[in-house]
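Please treat every number below as a calculation from the coordinates, not as lab data. None of these values were measured; they are calculated from a predicted model. Cβ sites come from the backbone with ideal geometry, for glycine too, and all protein chains shown count toward neighbours.
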Amino acid sequence: MASKMEADIKEATGLSKIKTGYNKVFGYYFEVSHSKSEQVPDYFIRKQTLANAERYITPELKEFEIKILSAKDKIIALEHELYQQLRNDIKLVIKDVQETARALAELDVLGSLALVGYEENYICPTIVMNGQINIRDGRHPVIEKFLKREVFVPNDIVLNHDDEEFLLITGPNMAGKSTYMRQAAILMIMAQIGSFIPAREASISPVDRIFTRVGASDDISTGQSTFMVEMKEVAYILENATHNSLIILDEIGRGTSTFDGLSIAQAVVEHICKHIHGKTLFATHYHELICLEESYSKLKNYTVAVKEKGKDVAFLRRIIRGGADRSYGIHVARLAGLPNSVLKRAEVILESLEDQSHDTSDLNNRVIGGQSNNVVKTTTKQASDSPLGNLFTHSVVDSLLEVDVMSMTPIEALNKLYELQEEARKGGGK
Ligand SMILES: Nc1ncnc2c1ncn2[C@@H]1O[C@H](COP(=O)(O)OP(=O)(O)OP(=O)(O)O)[C@@H](O)[C@H]1O
Ligand SMILES: [Mg+2]
């Protein structure tokens, strides 16, 4: 429309170089160079003078401008009206639309599960109500699809309330502990939503909920550290899990110092075994915990088979039977709301561990008491044997602390240093 007006005005005035433009101050205008400004007709109203040109408006251009600008408002109003109309129309049939959408979504889910079950050789699990879970040659439906160089190794999952209620899984990093536990959880979900599952055969007792504590995350924006998040999740599980739940705990207590972490891990195992009795898979690198099998008849140790080839280790992926300073972990656990009994037990264990030794290298030799409070039997060096122990108890240190460095001359300082060195040499037998 603007270009038609420009063409018309060019023809009417004979000003072939006339241009149409727009700015926020004057709206639409015609621009004519100074050399031609003499030729503009009388009805042109000058609005602005530039270095090379004059800008004009005309009554017709103003009318055009009003039309254009009001058109935008009209567009918005029309759009709104149409949208309202659409909403009102849909409102009349909203129930049908929602039901159709829901049905299509359900069909989509069921169709996809059926298709994947058919293509990937899933089986139909038998649902039983005896509290037992027996999965033979189960696979992780996602990992088995992602593996490129390896074949997925199937594993059995046996859980019940008799002798396999709590599976304590130890084994090297990368062995497949986490995969195994997540596999158990995902197979249970699939079975309970009515899907076929990737296994050779399976009979499954439904669980009331699946509780998991896996991976590491933090929520620093709300002031929660990685360990705080971990403890809050454990607290929630201990608070809410029941006899009929499936509990998956992956490396509880790894986010803090060894003693704090180990103490919390053991206290959590004990709490579940004594008070919750839920079916539990518990992976840990605290190998000391395997001796709990002696104290709890329903706790069984499992590990992931590996084969040593010289210095290399081959992961067989088969689950088999067998088996610093304060970090204030317990304090954080308390803040997170862990049950008092667990905290108290953790404190007792921690105290014993700390009394016995600060030498973490001997940790694997430790035997941790199960039911009783006497926790650690171990042969470790006393702290005073360590270089650090010597340093802070040696008489040289006392002498050093008595020296008033600021009031000494350089030669006095040098002499003192020589004297202390001699004393240290004698004390250290050098
Ligand atoms: N059954 C399996 N068959 C084939 N590959 C597997 C199997 N289980 C695990 N893997 C492979 O091994 C990798 C490591 O497994 P996973 O993370 O479960 O080990 P992990 O024992 O939990 O190690 P970490 O102690 O370090 O947490 C997986 O990402 C997967 O690729
Ligand atoms: Mg893991």
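Descriptive notes on the structure:
- For the chain, calculated [θ]222 nm from helices alone, where every DSSP H run of n ≥ 4 adds -39500 (n - 2.57): -13500 deg cm²/dmol
- With a Förster radius of 35 Å applied to the C-beta separation of Ala114 and Ile75, the computed FRET efficiency comes to 0.15.
- Within the chain, percent of DSSP bridges classed antiparallel, to nearest 5: 60
- Footprinting exposure proxy for Val269, Val405 (fewest neighbouring C-beta atoms within 10 Å first): Val405, Val269
- Spin-label model, Glu351/Asn244: points 7 Å from Cα along the beta carbon direction are separated by 4.0 nm.
- Tensor-based shape of the stretch 30-110 (alpha-carbon gyration tensor, a/c under 1.5 rounded, otherwise prolate or oblate): prolate
- Placing +1 on the Cβ of every Lys and Arg and -1 on the Cβ of every Asp and Glu, with nothing else charged, gives the stretch 99-244 a dipole about its Cα centre of roughly 380 debye.
- Under the simplified labelling scheme, the Asn121-Glu423 pair shows an inter-label distance of 7.8 nm, with each label point 7 Å from Cα along Cα→Cβ.
- Each label point was placed 7 Å from the Cα along the Cα-to-Cβ direction; for Val397 and Val151 their separation is 6.1 nm.
- Simple rule: put +1 on each Lys or Arg Cβ and -1 on each Asp or Glu Cβ in the chain, find the dipole, and look at Gly27, Pro206, Leu147; the Cα lying farthest toward the positive end is Gly27.
- Among Ile135, Ile264, Ile157, Ile94, the order by Cβ neighbours within 10 angstrom, fewest to most, reads Ile94, Ile157, Ile135, Ile264.
- Once C-alpha pairs closer than 8 Å and six or more residues apart are averaged by separation and normalised to the residue number of the stretch 137-229, the relative contact order reads 26 percent.
- Between Ile320 and Lys91, the contour length at 0.36 nm per residue exceeds the alpha carbon distance by 76.5 nm.
- Classification of the stretch 253-321 by its C-alpha gyration tensor yields an oblate form. The axis ratio a/c (a ≥ b ≥ c) is 1.5 or more, and b/c is at least a/b.
- Dipole magnitude for the chain: about 1120 debye, using +1 per Lys or Arg Cβ and -1 per Asp or Glu Cβ, origin at the Cα centre.
- Peptides 335-342, 295-302, 116-123, 406-413 ordered by packing proxy, namely the average of other Cβ atoms within 10 Å per residue, highest first: 295-302, 335-342, 116-123, 406-413.
- In terms of its alpha-carbon gyration tensor, the chain comes out oblate; a/c meets the 1.5 threshold, while b/c is at least as large as a/b.
- Förster-model FRET efficiency, 30 Å R0, Met174 and Cys291, C-beta, rounded to 0.05: 0.75
- Dipole of the stretch 49-114, positive end: most advanced residue of Ala105, Leu50, Leu69 [Cβ charges, Cα centre]: Leu50
- 3J(HN,Hα) from dihedral phi, the stretch 290-302, Karplus parametrisation 6.51/-1.76/1.60, rounded to Hz, x for glycine, proline: 5, 6, 5, 4, 5, 9, 10, 5, 8, 8, 10, 8, 10
- Dipole in debye (nearest 20) - the stretch 169-266, about Cα centre, beta carbon charges: Lys, Arg +1; Asp, Glu -1: 300
- Karplus 3J(HN,Hα) series, Hz, for the stretch 345-354 with 6.51 cos²θ - 1.76 cosθ + 1.60 (x for Gly, Pro): 4, 4, 5, 4, 4, 4, 4, 4, 4, 5
- Each of Met231, Met190 was scored by other Cβ atoms within 10 Å of its Cβ. Arranged with the fewest first, they read Met190, Met231.
- Amide H within-cut-off set for Arg317, under 5 Å, with H built and near neighbours excluded: Ala305
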